[in-house]
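Only one structure is covered here, and it is reproduced in the block below.
The values are calculated or read from the model by the stated rules, or taken from the named source; none is laboratory data. Computed from a predicted structure; not experimentally measured. Please note: Cβ atoms are built from the backbone with ideal geometry, for glycine as well, and neighbour counts cover all protein chains shown.
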Amino acid sequence: MSAPQADGTTATVETVFRIESARIIAAVTRIVRDIGIAEELAQDALVAALEQWPESGVPDNPGAWLMATARHRAIDLVRRRETYARKLAEVGRGLEAAGAGYEPDPADLASGPGDIDDDLLRLVFTACHPVLSAEARIALTLRLLGGLTTTEIARAFLVPEPTVAQRIVRAKRTLAGAVVPFEVPYGDDRAARLSSVLEVIYLVFNEGYAATEGDDWLRPALCEDALRLARVLAALMPDEPEVHGLAALLELQASRTAARTGQDGAPVLLADQNRRRWNQLLIRRGFAALGRAGAGGTPPGPYALQAAIAACHARAVTYEDTDWPTIAALYARLTAVAPSPVVELNRAVAVSMAEGPLAGLALVDALAAEPALRDYHLLPSVRGDLLARLGRTDQARAEFERAACLTRNERERALLRAKADRTPGETADQKVDRPRSRGTSGA
């Protein structure tokens, strides 16, 4: 094979693996009962493809080839273990039958879509187990389910690559040490674990939607990864309203991406965005997911309520058309369901738009003593906007300067300092186009 052909085959292998890796790891984990080992075996299958496909050609079903090769190696590993008989009993008769006279032919081990999806769902719940820290859950989820490399995760979150690598290694060891079962839990445990799963996807999206620090306001790749995970989860768990609520929220928030920055990468606030640039396909998908979230008649949860707020923005043809009273009422419901200081700050913004800046300022000032908001730059930013609308220019400028000192994002710092330097009277509110509740669980 010529060099260009070999390069093309290598690119094909890497692309297929990135798409299929989560399903392969999930299927192999069911056999070996260890995520770390399963990932290694999936990588072995990738190496085998890189070695064989340039010579033999890309198979008709490359994903099935990778799956079969990884599962074959998993079975060989189980055979070699001293505890083979016990492991064989755990995985059942299906493994015993597959192990007899096995050859790595994709047709031999091709599972039905339902089987693979069940394994993938187990992998989601395992990677997001509460025994892991939030940082470890995010890193492991992006690695196993998002297909991101350690380098990509480190770059996305602006942390050293060794730090991410250590988080992933420790996460795998923690899961193994805690003997976390590879299963989808039920009852109260399932509700608790599902909350953890949704939180991880939500936090990943938030970091892409409004980066905590660095030179870029947006990290679209992170938003795309989180949105893809939310869609997968919604397909796997069609009867869970909050899964659809999260999917709806992310679809609607992601619809604004193209309009949220200018050509120079500077932030464009919600009031100033060109709504013709909002993605109508994502908006329609968001409305559809929101409909599924409410189809069962159960009271909406935190994600569905946030999606309903995003839907109000999506329905408004112009910023002036925004239904602020409804948004304020939805935030009041969200505060009752998932109370947090950040949600209350968002409510204050909506109240200020519905009832006037003085009403909003009273709510913001009531939050001044909240420990969770002590270093939260959006508290003085929102307060500065309200003071400017009330004509209290000097106080507003001081609040914008304080907010600029607190933020770690360079784009946002420049925006806040520009607001401090501008003549007073601008009413564009920075807070209303940020994630609804960064750092809170399901809020």
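Might you check whether a residue that is outside any helix (DSSP H, G or I), assigned by TED's automatic domain parsing to the domain that holds Thr212 and acidic (Asp, Glu) occurs anywhere in segment 408-419? Checking segment 408-419: not a single residue is outside any helix (DSSP H, G or I), assigned by TED's automatic domain parsing to the domain that holds Thr212 and acidic (Asp, Glu).
In the list Ala336, Ala354, Ala329, Ala348, which residue meets the criterion of being crowded, with 22+ Cβ neighbours inside 10 Å, modelled with pLDDT of 95 or more and under 30 Å from Ala372 (Cβ atoms)? Please lay out each step first, then the result.
Numbers: Ala336 fails: crowded, with 22+ Cβ neighbours inside 10 Å; Ala354 fails: crowded, with 22+ Cβ neighbours inside 10 Å; Ala329 fails: crowded, with 22+ Cβ neighbours inside 10 Å.
On inspection, the qualifying residue turns out to be Ala348.
One residue alone among Gly360, Gly296 is touching a helix residue (DSSP H, G or I) at 6+ places or on another chain (Cβ under 7 Å) and in contact (Cβ under 8 Å) with a residue 40 or more places away in the chain, and that residue is Gly296. The residue that is surrounded by the most Cβ atoms within 10 Å (Cβ to Cβ), among those in segment 385-407 that are among the charged types (D, E, K, R) and assigned to a helix (DSSP H, G or I), is Asp385.
Residues considered: Val197, Val159. Of these, the only one that is outside the structural domain of Val232 (by TED's automatic domain parsing), under 12 Å from the mean Cα position of the chain (by Cα), closer than 30 Å to Leu270 by Cβ and hydrophobic (A, V, I, L, M, F, W, C) is Val197.
The residues of segment 29-83 that are β-branched (Val, Ile, Thr) and under 28 Å from the mean Cα position of the chain (by Cα), listed by number, are Thr29, Ile31, Val32, Ile35, Ile37.
Here is a check on your reading of the model: is Ala314 in the same structural domain as Ile327 (by TED's automatic domain parsing), more than 19 Å from the chain's Cα centre (by Cα) and under 25 Å from Ser340 (Cα atoms)? Give the derivation first.
Numbers: in the same structural domain as Ile327 (by TED's automatic domain parsing): yes; more than 19 Å from the chain's Cα centre (by Cα): yes; under 25 Å from Ser340 (Cα atoms): yes.
So Ala314 fits the description; yes.
Can you list the helices (runs of 4 or more DSSP H) found entirely within segment 241-354 that contain at least 2 residues being more than 22 Å from Leu367 (Cα to Cα)?
Working: elements: 241-254, 280-293, 302-315, 324-337.
Where helices (runs of 4 or more DSSP H) fall fully within segment 241-354 and carry at least 2 residues being more than 22 Å from Leu367 (Cα to Cα), they are 241-254, 280-293, 302-315.
Just wondering, is there one or more residues in segment 50-57 that are of a type outside the set (Val, Ile, Thr), surrounded by fewer than 16 Cβ atoms within 10 Å (Cβ to Cβ) and not in a helix (DSSP H, G or I)? Within segment 50-57 (the criterion being of a type outside the set (Val, Ile, Thr), surrounded by fewer than 16 Cβ atoms within 10 Å (Cβ to Cβ) and not in a helix (DSSP H, G or I)), the answer is yes, since at least one residue qualifies. The sole residue among Ala176, Ala191 that is part of a helix (DSSP H, G or I) and modelled with pLDDT of 85 or more is Ala176.
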